[in-house]
Amino acid sequence: MSETNKVIEMKGITKKFGNFKANDNIHLDLKKGEIHALLGENGAGKSTLMNILSGLLEPTEGEIWVNGEKVSISSPDVANQLGIGMVHQHFMLVDKFTVTENIILGKEKHKFGFMDQATSQKDVKELSDQYGLRVDPKARISDISVGMQQRAEILKTLYRGADILIFDEPTGVLTPQEIEELMEIMNALVKEGKSIILITHKLDEIKKVADRCTVIRRGKSIDTVDVATTSQQELADMMVGRSVSFKVDKKPADPKEPVLEIKNLTVKEARGYDAVKAIDLDVKAGEILGIAGVDGNGQSELIQAITGLTKVDSGSIKLDGKDITNKKPRKITETGLGHIPEDRQRYGLVLQMKLEENMSLQTYYQKPFSNHGFLNHKEIKEHAKQLIEEFDVRTSSEENTASSLSGGNQQKAIIAREIYRNPALLIAAQPTRGLDVGAIEYIHKRLIEQRDHGKGVLLMSYELDEVMNVSDRIAVMYDGNIIAIVNADETNEKELGLLMAGVPLEKAHEQVTETEGKERETVANEK
Amino acid sequence: MLTKNNEKLYNFLVPILSIVLGFIFGAILMLFFGYNPILAYQAMFNGVLANPFFFGEAMRQATVLTFTGLGFAIAFKAGFFNIGVAGQVLVGWVTSIWVALAFPDLPRILLLTLSLTAALLVGAVWAGIAGVLRAYFGTNEVIVTIMLNYIALYLTNYLIRNVISTGGNTTERVGPNASLRVDWLTQLTQGSRLNAGLFIAIIVVALYWVFMTQTTAGFEVRAVGLNRFASTYAGMSAPRNIILSMFLSGALAGLGGAIHGLGTFGNIFTQSGLPGVGFNGIAVALLGLGNPVGIFFSAILFGVLDVGSGFLPNRAGVPDEMAEIVIAAIIFFVGANYLIRFLFEKVKTKKTATEGGE
Ligand SMILES: Nc1ncnc2c1ncn2[C@@H]1O[C@H](COP(=O)(O)OP(=O)(O)OP(=O)(O)O)[C@@H](O)[C@H]1O
Ligand SMILES: [Mg+2]
């Protein structure tokens, strides 16, 4: 029989969607007090497996044992009663309610028929103190940061008595500092006797917090390994089934004339203050320009202005030598722009439409996809099939709705569509968010290929590694200004970090060389 | 979020279930008040289906409902709730009569084309007003179309009394040149008012399908209705599509009004309220789930209910008021299939649906 320290055992889980097996005889066990990572490529079936564990989906075959007893988790309520709670990536919180109200939702305490707000707030406070989950119980969800929303979501599962917590890609939406905090929270939770399943594509996070890691590939479980004795490279290779290279291979850039020329650009934010403040910026043909910066320093507004989704307040933007200031998105697209938007579900896809229709979202009105206003479904389908094949978008059919794709594959579909149009300038905002390492490797290769074909690429990412490895030049944005533009091979993480915090280039440079000098000295002294 | 086959089955099951529930609820109501529901439903269906005249009448009603149903649906696809279909029917109706009476001597083909086109255009403009206001000023289309409904009502009554007729409450009848009646249909249905509008409706059903699924314009309307942001990103113009879909919506409703005028009545008379076909078109569209063929069949069901309810008092002893309540209850359930879909989904989510991503 099962050992008593196993809180969860999933045995031989199979889940079919039609004829497609999203999970194929998967085994997974979770020990009490451990953090167990679940690793797999995009579309491998991680979310599906966890949706089964949390009662959102019923398995086609297989058994689930909780604390040594066989159970049937027919609904989220049942999962709740069994002490299983899931923190979804797209939070399930009511925007207009306060943190407390969201946490107690459905479990309200009453006093003479009235909701007992005071006691509830105290409960929430105590709970948040116990686990070090900083939240403001009285704040409205719409007013707090994504990190705090996530903490509220975690508290919600704890309030419902969860002992087993499932995190589905929790770090995708967080800033580096918030990720640190989350790791600490997870450690605190297991100290209190909770057990955690963590889905993430970031191997360093697995190395940092997880005890064991189960790898699944195309719906099948491959192996469960001890994290301490397995390297990141081994994990990656196991997951993809071939050797993955983390290093981005690229020749030096051969920049030509600028494809994007931004002069004195000011963009106002929705509430009316300047989000982008009179900046100048060029992207040349044959180079990748990275934009680094802490979230909310004007990067999003800059991109929205270039793509025509936001009005330009003053200044000018030229694409491929033509003025596109305040032109309509279609005009800009036709002038030669590709755009992988930051928010894929809001801007990148019409989720309820078929994948094949989404693949021609900007080109449906052109030949060969239509003729005199009539769609050519055959061409649309062929085109979609080709993209799916070439970019390895995992789906059982191009006729599936975009919403049925796994998160990472939705992203791959958008990237495929945008790169394939071969635009003079490709704007890639957070292009690899939510992608597995294999897919990231491939996407980076394609971005560099665009560059080598003499196209310009504007890469915006909050991940320093990505910006440093892929870009040729890096522009750092701080408070709506571009405070420095540096060559990628002449800078380092420290310098960029200082620049992103608003330290001017010369000072940052000084500080970095100073500390480096000191380090060298101490090393020398030790010897 | 469902797999393809499931989705198809489900799209078929939901409306059927709504209809069944509607009838069951109607039956419970009748039982509660001491009437025999089996007798009542028998009277209703026998009355309509076994008699060519009443069947013709039901089909005539279905013809107009097809137009109003499609009209509502096309706006709904673009994310627009056009509650003003009734008003658009009315302006179409009065326009068709007005034109027909103004040029009584034109040859039939020409006069019919002219009347129908005029009604179509006026309906389109009437709805287009709400579309433009929404697209450029963000005004709520529900409120605007409701107000336009009342303007349509009083304007029509004014025109009837003061412009088209001379002070009366009824206009003259249009000449045979402007009538949509065809002899063989009238004879086939033993003198019902079923008319050539039926064929126009069938053609329009096909055109609607072609527009939505085969044209780039339909592609845009669907995309804009489903995700405004992604459509804008993709270079579609949300305002343009809102106006276009409202324009088409009003055109269909206006055409429906013209067929009421030139087919059903042959004239127009002052109205005390807005035509019910306008509002029932909403239920027809929701039951048909935006699918044109589905809308055609649900229009027939509504036509049968409408005409069939007339048999309840005489043949089943169910008084007029009760008959109307029962029909309203059925319409409610049928129209509320969105609700049923929702309940269905709640039961089924955990089994078939999953989140699209992480
Ligand atoms: N309702 C559905 N109908 C059809 N296919 C589905 C459905 N839900 C999921 N799938 C498919 O099942 C597979 C597994 O999806 P899942 O969301 O579990 O992937 P994942 O491992 O979480 O990937 P990612 O890392 O990209 O989030 C995917 O290929 C997806 O397209
Ligand atoms: Mg997932």
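Let me spell it out: the conditions are (1) open to solvent by less than 40 Å² (accessible area, probe 1.4 Å); (2) in a loop (DSSP other than H, G, I, E, B), and A:Ala275 meets all of them except one. Which number is the exception?
Only one criterion in (1) open to solvent by less than 40 Å² (accessible area, probe 1.4 Å); (2) in a loop (DSSP other than H, G, I, E, B) is unmet by A:Ala275, namely (2).
From the list A:Tyr462, A:Tyr365, A:Tyr442, exactly one residue is more than 16 Å from ligand 2 (Cβ to nearest atom) and farther than 24 Å from A:Ala488 by Cα. Which is it? Give the derivation first.
Numbers: A:Tyr462 fails: farther than 24 Å from A:Ala488 by Cα; A:Tyr442 fails: farther than 24 Å from A:Ala488 by Cα.
The conditions single out A:Tyr365.
Need at least 2 residues that are open to solvent by 10 Å² or more (accessible area, probe 1.4 Å) and more than 15 Å from ligand 2 (Cβ to nearest atom) per element, so show me which strands (runs of 3 or more DSSP E) inside the range A:1-91 make the cut, counting only ones lying wholly within it. Write out each step before concluding.
Details: elements: A:6-17, A:20-31, A:35-40, A:61-66, A:69-71, A:84-87.
It comes to A:6-17, A:20-31, A:61-66, A:69-71.
Taking the stated definitions as given, is A:Asp211 open to solvent by less than 80 Å² (accessible area, probe 1.4 Å) and either at pLDDT below 90 or touching a helix residue (DSSP H, G or I) at 6+ places or on another chain (Cβ under 7 Å) (or both)? Working first, answer last.
Details: open to solvent by less than 80 Å² (accessible area, probe 1.4 Å): yes; either at pLDDT below 90 or touching a helix residue (DSSP H, G or I) at 6+ places or on another chain (Cβ under 7 Å) (or both): yes.
In short, yes.
Could you check B:Phe269 against (1) under 20 Å from B:Arg193 (Cβ atoms); (2) open to solvent by less than 40 Å² (accessible area, probe 1.4 Å) and say which number it fails?
In the conditions (1) under 20 Å from B:Arg193 (Cβ atoms); (2) open to solvent by less than 40 Å² (accessible area, probe 1.4 Å), B:Phe269 misses (2) alone.
Listed residues A:Asp254, A:Asp295, A:Asp204; which is of a type in the set (Asp, Glu), under 30 Å from A:Thr395 (Cβ atoms) and out of contact with any Asp or Glu (no Cβ under 6 Å at 6 or more places or on another chain)? Can you show your working first?
Values: A:Asp254 fails: under 30 Å from A:Thr395 (Cβ atoms); A:Asp295 fails: under 30 Å from A:Thr395 (Cβ atoms).
Just a single option satisfies the conditions, and that option is A:Asp204.
Could you pull out every one of the helices (runs of 4 or more DSSP H) wholly within the range B:123-239 that has 3 or more residues that are buried (at least 17 other Cβ atoms within 10 Å of the Cβ)?
Working: elements: B:141-159, B:183-188, B:197-214, B:216-226, B:228-233.
Result: B:141-159, B:197-214, B:216-226, B:228-233.
In this structure, is A:Val486 crowded, with 23+ Cβ neighbours inside 10 Å and free of Cβ contacts under 8 Å to residues at least 60 places away in the same chain? Explain how you work it out, then say what you get.
Numbers: crowded, with 23+ Cβ neighbours inside 10 Å: no; free of Cβ contacts under 8 Å to residues at least 60 places away in the same chain: yes.
The answer is no for A:Val486.
I'd like to check something: does the range A:452-460 contain any residue that is open to solvent by less than 30 Å² (accessible area, probe 1.4 Å) and closer than 25 Å to B:Ala223 by Cβ? Step through it out loud before you land on a result.
So the first thing to find is which residues in the range A:452-460 are open to solvent by less than 30 Å² (accessible area, probe 1.4 Å), and the list is A:456-460.
Among the residues that remain, those that are also closer than 25 Å to B:Ala223 by Cβ are: none.
No, every residue in the range A:452-460 fails to be open to solvent by less than 30 Å² (accessible area, probe 1.4 Å) and closer than 25 Å to B:Ala223 by Cβ.
What number of residues in the range A:362-416 are open to solvent by 60 Å² or more (accessible area, probe 1.4 Å), within 19 Å of the chain's Cα centre (by Cα) and more than 14 Å from ligand 1 (Cβ to nearest atom)?
Number of matching residues: 0.
Regarding B:Phe279, is this residue in contact (Cβ under 8 Å) with a residue 12 or more places away in the chain, open to solvent by less than 40 Å² (accessible area, probe 1.4 Å) and either within 18 Å of B:Ala58 (Cα to Cα) or within 14 Å of chain A (Cβ to nearest Cβ) (or both)? Step through it out loud before you land on a result.
Numbers: in contact (Cβ under 8 Å) with a residue 12 or more places away in the chain: yes; open to solvent by less than 40 Å² (accessible area, probe 1.4 Å): no; either within 18 Å of B:Ala58 (Cα to Cα) or within 14 Å of chain A (Cβ to nearest Cβ) (or both): yes.
Answer is no for this residue.
Name the residues in the range A:371-386 that are more than 10 Å from every other protein chain (Cβ to nearest Cβ) and of a type in the set (A, V, I, L, M), would you?
So in the range A:371-386, the residues more than 10 Å from every other protein chain (Cβ to nearest Cβ) come out as A:378-379, A:381-386.
Passing the criteria: only A:Ala384.
Checking the structure you have, find out if any residue of the range A:312-321 is farther than 12 Å from A:Val267 by Cβ, open to solvent by 50 Å² or more (accessible area, probe 1.4 Å) and within 11 Å of another protein chain (Cβ to nearest Cβ).
no
Output the qualifying pairs, or none if there are none: Cβ atoms under 9 angstrom, residues six or more apart or on different chains, first residue in the range A:196-217 and away from chain B (no Cβ under 14 Å), second residue open to solvent by 10 Å² or more (accessible area, probe 1.4 Å) and basic (Lys, Arg).
A:Asp211/A:Lys31; A:Arg212/A:Lys31; A:Ile216/A:Lys46
Kindly indicate which of B:Asn162, B:Asn195, B:Asn177, B:Asn169 is in contact with a strand residue (DSSP E or B) (Cβ under 8 Å, 6 or more places away or on another chain) and away from chain A (no Cβ under 14 Å). Walk me through how you get there before you give the answer.
On the way: B:Asn162 fails: in contact with a strand residue (DSSP E or B) (Cβ under 8 Å, 6 or more places away or on another chain); B:Asn195 fails: in contact with a strand residue (DSSP E or B) (Cβ under 8 Å, 6 or more places away or on another chain); B:Asn177 fails: in contact with a strand residue (DSSP E or B) (Cβ under 8 Å, 6 or more places away or on another chain).
The match here is B:Asn169.
Listed residues A:Glu389, A:Glu342, A:Glu357; which is assigned to a helix (DSSP H, G or I) and more than 8 Å from chain B (Cβ to nearest Cβ)?
Working: A:Glu342 fails: assigned to a helix (DSSP H, G or I); A:Glu357 fails: more than 8 Å from chain B (Cβ to nearest Cβ).
None of the other options fit; the residue is A:Glu389.
Please name all residue pairs, on different chains or six or more residues apart, with Cβ atoms under 7 Å, provided the first residue is in the range A:19-47 and is farther than 21 Å from A:Lys207 by Cβ and in contact (Cβ under 8 Å) with a residue 24 or more places away in the chain and the second residue is hydroxyl-bearing (Ser, Thr, Tyr) and assigned to a strand (DSSP E or B).
Every condition considered, the pairs that remain are A:Lys21/A:Thr14; A:Asn23/A:Thr14; A:Asp24/A:Thr14; A:Asn25/A:Thr14; A:Ile26/A:Ser221; A:His27/A:Ser221; A:Lys32/A:Ser195.
Only one residue in B:Ala251, B:Ala196, B:Ala234 is more than 20 Å from the chain's Cα centre (by Cα) and not aromatic (Phe, Trp, Tyr), so which one is that? Steps first, please.
Details: B:Ala251 fails: more than 20 Å from the chain's Cα centre (by Cα); B:Ala196 fails: more than 20 Å from the chain's Cα centre (by Cα).
Result of the check over B:Ala251, B:Ala196, B:Ala234: B:Ala234.
Condition first: within 13 Å of ligand 1 (Cβ to nearest atom), in contact with a Ser or Thr (Cβ under 8 Å, 6 or more places away or on another chain) and over 20 Å from A:His201 (Cβ atoms). Now tell me which residues in the range A:48-66 satisfy that. Before the answer, list the steps.
If we filter the range A:48-66 for residues that are within 13 Å of ligand 1 (Cβ to nearest atom), which is where we start, we get A:48-54, A:56-60.
Now restrict to residues that are in contact with a Ser or Thr (Cβ under 8 Å, 6 or more places away or on another chain): A:48, A:51, A:56-60.
Result: A:Leu56, A:Leu57, A:Glu58, A:Pro59, A:Thr60.
Limited to the range A:26-43, what total is found for residues that are away from chain B (no Cβ under 14 Å) and either within 10 Å of ligand 1 (Cβ to nearest atom) or more than 13 Å from A:Val215 (Cα to Cα) (or both)? Spell out the reasoning first.
Narrowing the range A:26-43 to residues away from chain B (no Cβ under 14 Å): A:26-37.
Still in the running and either within 10 Å of ligand 1 (Cβ to nearest atom) or more than 13 Å from A:Val215 (Cα to Cα) (or both): A:30-35.
Summing the residues that are away from chain B (no Cβ under 14 Å) and either within 10 Å of ligand 1 (Cβ to nearest atom) or more than 13 Å from A:Val215 (Cα to Cα) (or both) in the range A:26-43 gives 6.
What single numbered condition from (1) modelled with pLDDT of 90 or more; (2) within 26 Å of B:Met246 (Cβ to Cβ); (3) surrounded by 22 or more Cβ atoms within 10 Å (Cβ to Cβ) fails to hold for B:Ile83?
It fails just one condition, (3).
Give the residues of the range A:278-311 that are within 14 Å of another protein chain (Cβ to nearest Cβ) and among the charged types (D, E, K, R), sorted by residue number.
A:Lys311
Give the residues of the range A:392-411 that are outside any helix (DSSP H, G or I), away from ligand 2 (no atom under 14 Å from the Cβ) and small (Gly, Ala, Ser), sorted by residue number.
Quick first cut of the range A:392-411, residues outside any helix (DSSP H, G or I) only: A:392-401, A:405-406.
Those left that are additionally away from ligand 2 (no atom under 14 Å from the Cβ): A:392-393, A:396-401.
Within the range A:392-411, A:Ser396, A:Ser397 meet the criteria.
Going through the range B:209-241 one residue at a time, which ones are touching a Pro at 6+ places or on another chain (Cβ under 8 Å) and facing chain A (nearest Cβ under 9 Å)? Write out each step before concluding.
Of the range B:209-241, the ones touching a Pro at 6+ places or on another chain (Cβ under 8 Å) are B:209, B:212, B:232-235.
Matches in the range B:209-241: B:Thr232, B:Tyr233, B:Ala234, B:Gly235.
Quick check, is A:Glu334 more than 22 Å from the chain's Cα centre (by Cα), away from chain B (no Cβ under 11 Å) and open to solvent by 20 Å² or more (accessible area, probe 1.4 Å)?
Numbers: more than 22 Å from the chain's Cα centre (by Cα): yes; away from chain B (no Cβ under 11 Å): no; open to solvent by 20 Å² or more (accessible area, probe 1.4 Å): yes.
No, not satisfied.
Out of B:Asn149, B:Asn157, B:Asn177, report the one residue that is at pLDDT below 90 and out of contact with any His (no Cβ under 6 Å at 6 or more places or on another chain). Working first, answer last.
Values: B:Asn149 fails: at pLDDT below 90; B:Asn157 fails: at pLDDT below 90.
Checking each option against the conditions leaves just B:Asn177.
The values are calculated or read from the model by the stated rules, or taken from the named source; none is laboratory data. Since the structure is predicted, the reported quantities are computational estimates derived from the model, not experimental observations. Ideal geometry is used to build each Cβ from the backbone, glycine not excepted, and the neighbour counts take in all protein chains shown. Surface accessibility is based on the protein's heavy atoms, side chains included, excluding ligands, DNA and RNA. Shrake-Rupley method; radii C 1.70, N 1.55, O 1.52, S 1.80 Å.
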